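Asker: Structure below; questions to follow.
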Amino acid sequence: MYRTHTCGELRLSDAGKQVTLAGWVQKVRKMGGMSFIDLRDRYGITQLVIEDTASKELNEKAEKLGREFVIQATGTVSERSSKNSRIPTGDIEIKLSEITVLNEALTPPFTIEDDTDGGDDLRMKYRYLDLRRNAVRKNLELRHKMAFEVRNYLDKQGFLEVETPILVNSTPEGARDFVVPSRMNPGQFYALPQSPQTLKQLLMVSGFDKYFQIVKCFRDEDLRADRQPEFTQIDCEMSFVEQEDVINTFEGMAKHLFKTIRGIEINEAFPRITWQDAMKYYGSDKPDIRFGMKFVELMDIMKGHGFPVFDSAAYVGGICATGTANYTRKQLDQLTEFVKRPQIGAKGLVYARVEADGNVKSSVDKFYTQEVLQQMKEAFAAQPGDLILILSGDDAMKTRKQLCELRLEMGSRLGLRDKDTFAPLWVIDFPLFEWNEEDGRYYAMHHPFTSPNPEDIPLLDTDPGKVRANAYDMVINGVEVGGGSIRIHDSKLQNKMFQLLGFTEESANARFGFLMNAFKYGAPPHGGLAYGLDRWVSLFAGLDSIRDCIAFPKNNAGRDVMLDAPSIIDDSQMEELFLKSTYVAKENN
Ligand code: ASP
């Protein structure tokens, strides 16, 4: 037996026991004639001690130990004279009688501590060492617990976990595909699933009724903090349901996770907001509602008074930041710089302070009478001490998005975006289509299988842009943690949808014929949703990036720097796959 106990297990009540532990040497300290070794494993750290009366042989062995050596140590559990209340094993130490080195280790390239000295790149290159650190390991433990509770909840609700293939054809989520050449089918490629969307719909046709899968999905997109080329979805589908049923089931799952993982009991229903209102009041389809600061539109009040910037704008609107009227010139300049950054792109920022006497003092006073400024103050219900920040622009949607960034910035500055506060909500009534100016055509906002709101079906012929979808997203703290829809199960309606999306009959058949065919054999009404597991975990762990809750993530260039993937394959492998590369490496690259 390698060990009798783990390094996180022994307590004062074990004093006197003869034990054997195994683990990694975190640290060795010499104090007078005594040596102390911190031994670490997944479960914790236990202090080992070699007393000054120990044998010469034992002392010599201890002297040779280095950081991260793997050892086995036997001794007696004893009460410590100076206790360490910061660790659960801090009341005891092991007085050693024997050490066996199981494996030596090179000095690690960074310290295996909570506050490591290793930079990002180094830690990713040696990710297996990074994973020895508490902080990273804890995230993976949390991930395991969450996946476990997901299965627990869904199993109790009668869902079956069914695996779907990874080597498939292009699936329609609107991103680029990762493709895999087929040796046995020269010149042909599989695509990795962007989601199991069509397959889970087929499972409904098969009568599975309630399906789920914790599943890898692949999308070849530019990476951001909340995106990885491969990520994990909790993918679900149900038959004989309406939007309300799906929302209830998955709100139940969210509440189950809040309770079992974070100990937060939520009894009331999550708020719901229409997509229209989300855009109008927050400038975003994933609003962070941990704080208010809703947008107020000012076109009626502020246009037509001779201020050319507002007079020519399609949108004028603002937010009211409580208690910040005392912002200095410098702070206001910083905010102006913030909204003018290229990523945000506003032309400028107008501000108005509500002074102690209730008067409003603005940066555009020369165009407005106090009476108009008071009307504006009323529109915000602003109080003395508040600061009103206004943006305008000739594209209402763009300006709202800019104002959204400003609102989030002010929320952060005012400490209103605490990571341990959670504000979930549903965004509903998404538009079915999104118009793309460049291509001059509609795209599905969610995916082409999303059903229109039955009331809006007549608009499909007259004004498709106005059709609302039976689609819903769950948003927590400004993060879209999942979304789904009620699907079209009628092949005629589905064909119409394909037409509107610019597919010819042949191209729709070539891509989705298998699904359309299946729908002819008795497709039940169905709908579902997918939650992003990585996003849920990072939200619960308070992380800024989903990378930190993935064991072996890719970097921002989509590379695994530890495996050095992707990489070039040799000519014989290319030949076998009937491939030729047209890529020409740049000089000095
Ligand atoms: N397949 C969708 C997605 O990946 C989720 C769904 O509609 O169920 O976003």
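The values are calculated or read from the model by the stated rules, or taken from the named source; none is laboratory data. Since we're looking at a predicted model, the values are computed, not measured. Counting neighbours? That spans all protein chains shown, and the Cβs are built from the backbone with ideal geometry, glycine included. Note: areas computed on protein heavy atoms with side chains; ligands, DNA, RNA excluded. Shrake-Rupley method; radii C 1.70, N 1.55, O 1.52, S 1.80 Å.
Asker: Does D114 satisfy being in contact with a Leu (Cβ under 6 Å, 6 or more places away or on another chain), open to solvent by 20 Å² or more (accessible area, probe 1.4 Å) and within 15 Å of I45 (Cα to Cα)?
Answerer: Answer is no for this residue.
Asker: Which residues, taken from region 144-189, are open to solvent by 40 Å² or more (accessible area, probe 1.4 Å), more than 20 Å from A510 (Cα to Cα) and of a type outside the set (A, V, I, L, M, F, W, C)?
Answerer: Residues satisfying the conditions are H144, K145, R151, N152, D155, K156, Q157, G158, E161, E163, R183.
Asker: Looking at F422 and the list (1) out of contact with any His (no Cβ under 8 Å at 6 or more places or on another chain); (2) hydrophobic (A, V, I, L, M, F, W, C); (3) within 16 Å of the ligand (Cβ to nearest atom), which single condition is not satisfied?
Answerer: It is condition (3) that F422 fails.
Asker: Next question, about the same structure. I'm checking my understanding of the structure. Among residues of region 204-225 that are within 14 Å of the ligand (Cβ to nearest atom) and over 16 Å from T164 (Cα atoms), which one is surrounded by the fewest Cβ atoms within 10 Å (Cβ to Cβ)?
Answerer: E221
Asker: I'd like to check which strands (runs of 3 or more DSSP E) are fully inside region 134-218 and have at least 2 residues that are of a type outside the set (V, I, T).
Answerer: 189-191, 210-218
Asker: Can you tell me which residue is nearest to the ligand (Cβ to nearest atom) among those in region 226-246 that are part of a loop (DSSP other than H, G, I, E, B) and in contact with a strand residue (DSSP E or B) (Cβ under 8 Å, 6 or more places away or on another chain)?
Answerer: For region 226-246, the residue satisfying everything is V241.
Asker: Just wondering, is there one or more residues in region 551-559 that are touching an Asp or Glu at 6+ places or on another chain (Cβ under 6 Å) and away from the ligand (no atom under 16 Å from the Cβ)?
Answerer: yes
Asker: Ok, one more. Going through region 249-265 one residue at a time, which ones are over 23 Å from G158 (Cβ atoms) and either surrounded by 13 or more Cβ atoms within 10 Å (Cβ to Cβ) or of a type in the set (A, V, I, L, M) (or both)? Break it down into steps so the answer makes sense when it comes.
Answerer: Here is the first cut: in region 249-265, the residues over 23 Å from G158 (Cβ atoms) are 262-265.
Those that are over 23 Å from G158 (Cβ atoms) and either surrounded by 13 or more Cβ atoms within 10 Å (Cβ to Cβ) or of a type in the set (A, V, I, L, M) (or both): R262, I264.
Asker: Within region 266-284, count every residue that is open to solvent by 50 Å² or more (accessible area, probe 1.4 Å) and either more than 18 Å from K398 (Cα to Cα) or in a loop (DSSP other than H, G, I, E, B) (or both).
Answerer: Residues flagged as open to solvent by 50 Å² or more (accessible area, probe 1.4 Å) and either more than 18 Å from K398 (Cα to Cα) or in a loop (DSSP other than H, G, I, E, B) (or both) within region 266-284 amount to 5.
Asker: Show me the strands (runs of 3 or more DSSP E) found entirely inside region 1-102 where at least 1 residues are touching a residue at least 60 places away in the same chain (Cβ under 8 Å) and either more than 22 Å from R137 (Cβ to Cβ) or open to solvent by 30 Å² or more (accessible area, probe 1.4 Å) (or both).
Answerer: So the answer is 18-31, 70-79.
Asker: Here are N470, N495, N477: which of them is open to solvent by 10 Å² or more (accessible area, probe 1.4 Å) and either of a type in the set (D, E, K, R) or within 16 Å of the ligand (Cβ to nearest atom) (or both)?
Answerer: Selected residue: N470, the only one of N470, N495, N477 that is open to solvent by 10 Å² or more (accessible area, probe 1.4 Å) and either of a type in the set (D, E, K, R) or within 16 Å of the ligand (Cβ to nearest atom) (or both).
Asker: Same structure, new question: Give the residues of region 482-492 that are away from the ligand (no atom under 16 Å from the Cβ) and either without any contact (Cβ under 8 Å) to a residue 12 or more places away in the chain or buried (at least 20 other Cβ atoms within 10 Å of the Cβ) (or both), sorted by residue number. Break it down stepwise before answering.
Answerer: From region 482-492, those away from the ligand (no atom under 16 Å from the Cβ) are 490-492; that's our starting set.
The one that is away from the ligand (no atom under 16 Å from the Cβ) and either without any contact (Cβ under 8 Å) to a residue 12 or more places away in the chain or buried (at least 20 other Cβ atoms within 10 Å of the Cβ) (or both): K492.
Asker: Further, regarding this structure: Looking at (1) open to solvent by 40 Å² or more (accessible area, probe 1.4 Å); (2) under 22 Å from P448 (Cβ atoms), which one does K138 not meet, given that it meets all the others?
Answerer: (2)
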